[in-house]
1. Which numbered condition trips up P100, out of (1) at pLDDT 85 or above; (2) under 30 Å from F35 (Cα atoms)?
2. What's the total number of residues in the stretch 90-103 that are assigned to a loop (DSSP other than H, G, I, E, B) and under 29 Å from the mean Cα position of the chain (by Cα)?
3. Can you find even one residue in the stretch 201-222 that is within 30 Å of D63 (Cα to Cα) and either among the polar types (S, T, N, Q) or in contact with a helix residue (DSSP H, G or I) (Cβ under 8 Å, 6 or more places away or on another chain) (or both)?
4. Within the stretch 83-104, count every residue that is of a type in the set (A, V, I, L, M) and surrounded by fewer than 16 Cβ atoms within 10 Å (Cβ to Cβ).
5. Could you please find all residues in the stretch 126-178 being surrounded by 15 or more Cβ atoms within 10 Å (Cβ to Cβ), within 23 Å of the chain's Cα centre (by Cα) and small (G, A, S)?
6. Could you identify the single residue in R163, R142, R109, R157 that is out of contact with any strand residue (DSSP E or B) (no Cβ under 8 Å at 6 or more places or on another chain), in contact (Cβ under 8 Å) with a residue 24 or more places away in the chain and more than 19 Å from A97 (Cα to Cα)?
7. Which members of the stretch 59-89 meet the condition of being more than 40 Å from the chain's Cα centre (by Cα) and part of a strand (DSSP E or B)?
Amino acid sequence: MKPPPLSRTITIGGAPLRFNPRWLIIVPSVLLLVFGTLSAVYTVSPESVAVVQRFGKYRGTADPGLHFKLPFGIDTATIVPVRRQLKMEFGFATPGATNPDQIGNSPERERDMVTGDLNAAQVEWLLHFKISDPRQYLFNVREPGSTLRDLTESVMREVIGDRTVDEVLTIGRNKIASDALLRLREILEPLNMGVAADYLQLNNVNPPGPVQRSFDEVNRAQQEREQVINEANGEYNRVIPKAKGTAEQRVSAAEGYAIQRVNQAEGDVTRFKQLLAEFDKAPAITRQRIYLETMNEVLPNLGSKIILDEDARQFLPLLNLQSPVPGNS
């Protein structure tokens with residue numbers, strides 16, 4: 001007997017189709033080869049590295065470029081963006097986020113906080129971080145992204161809880177951000193998560209909606225108060241230095257006048273002592289000289305005077321009874 005033929009003809013829609021049983025081996029082999037080739041090649045982008053595992057065990061890290069690995073799931077390569085700055089948003093959500101851990105499940109609940117003086121505030125903040133060690137990031141913590149979110153939220157609530165509502169809403173924003181970042185780094189260091197916190201920034205910080213209007217009025221009153229204080233300080237700085245300058249000028253003038261009077265008095269004393277010394281040498285001559293000098297100074301200021309001898313008995317003939325000529329004294 002002859003063996004049966006390896007191929008047979010199958011009619012589909014009236015058209016003959018020759019079927020060969022070897023296709024059952026060839027087609028799966030070709031598909032298996034194509035799938036194996038595709039699964040053995042992978043590419044790492046310039047901002048990332050690939051963590052290679054063989055049957056789940058860590059084998060090494062691949063740098064950017066084209067690489068090969070064992071196919072069919074024997075080797076797996078996990079791409080980790082170590083050269084890209086990642087961010088997490090708390091209390092708000094930006095559309096089109098590429099990082100799966102960038103946005104939380106409930107931004108509204110994240111921003112509601114209680115301050116140290118038992119007041120409510122709505123805080124929105126942003127964390128920038130990098131993956132510093134891809135091996136630690138993948139293997140030391142089961143869910144590093146959500147763990148980092150929880151740690152950051154816990155730290156922020158702790159820092160906000162140590163501040164008053166005025167510090168949170170106005171003057172303490174920068175200090176809160178720096179303290180929260182420092183505290184977060186202290187927590188991340190012993191955990192070896194392979195994550196480095198770079199920057200933490202407070203965005204919108206507002207009171208709750210029902211009290212927003214009242215807070216705006218208080219804030220406006222505080223601004224007006226500061227404005228009045230600044231105007232008063234300006235007036236003070238304008239008037240007080242001028243008054244001080246005038247006072248110093250008058251004090252200096254008085255001190256100069258006092259020095260002048262003292263010097264003049266000392267000069268008079270010196271001159272008197274000199275006269276006294278001369279008077280002691282010749283009292284009569286000195287007395288006569290002083291008398292003559294004094295009369296010389298006094299008589300020109302007396303006007304027209306008639307001086308008679310004390311022994312004269314009649315003085316009418318000596319009087320000039322005519323009207324004085326203008327200009328003569």
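The values are calculated or read from the model by the stated rules, or taken from the named source; none is laboratory data. Values in this document were obtained by computation on a predicted structure and should not be read as measured data. Heads up, the Cβs are rebuilt from the backbone with ideal geometry, glycines too, and the neighbour counts pull from every protein chain shown.
1. (1)
2. Step one: list which residues in the stretch 90-103 are assigned to a loop (DSSP other than H, G, I, E, B), which gives 91-102.
Applying the additional criterion that residues be under 29 Å from the mean Cα position of the chain (by Cα) yields 91-94, 102.
Counting residues in the stretch 90-103 that are assigned to a loop (DSSP other than H, G, I, E, B) and under 29 Å from the mean Cα position of the chain (by Cα) gives 5.
3. Here is the first cut: in the stretch 201-222, the ones within 30 Å of D63 (Cα to Cα) are none.
No, the stretch 201-222 contains no residue that is within 30 Å of D63 (Cα to Cα) and either among the polar types (S, T, N, Q) or in contact with a helix residue (DSSP H, G or I) (Cβ under 8 Å, 6 or more places away or on another chain) (or both).
4. Kept after step one, since they are of a type in the set (A, V, I, L, M), are these residues of the stretch 83-104: 86, 88, 93, 97, 103.
Imposing the further condition that a residue be surrounded by fewer than 16 Cβ atoms within 10 Å (Cβ to Cβ) reduces the set to 93, 97.
Residues meeting the conditions: 2.
5. Hits for the stretch 126-178 are G172, A177.
6. Values: R142 fails: in contact (Cβ under 8 Å) with a residue 24 or more places away in the chain; R109 fails: in contact (Cβ under 8 Å) with a residue 24 or more places away in the chain; R157 fails: out of contact with any strand residue (DSSP E or B) (no Cβ under 8 Å at 6 or more places or on another chain).
One residue alone meets the criteria, R163.
7. Result: R59, G60, T61, A62, G65, L66, H67, F68, D75, T76, A77, T78.
Quick grid of which residues meet (1) in a helix (DSSP H, G or I); (2) over 26 Å from V123 (Cα atoms):
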residue	(1), (2)
R185	yes, no
V205	no, no
S214	yes, no
Q222	yes, no
E226	yes, no
N230	yes, yes
A243	yes, yes
Q249	yes, yes
G256	yes, yes
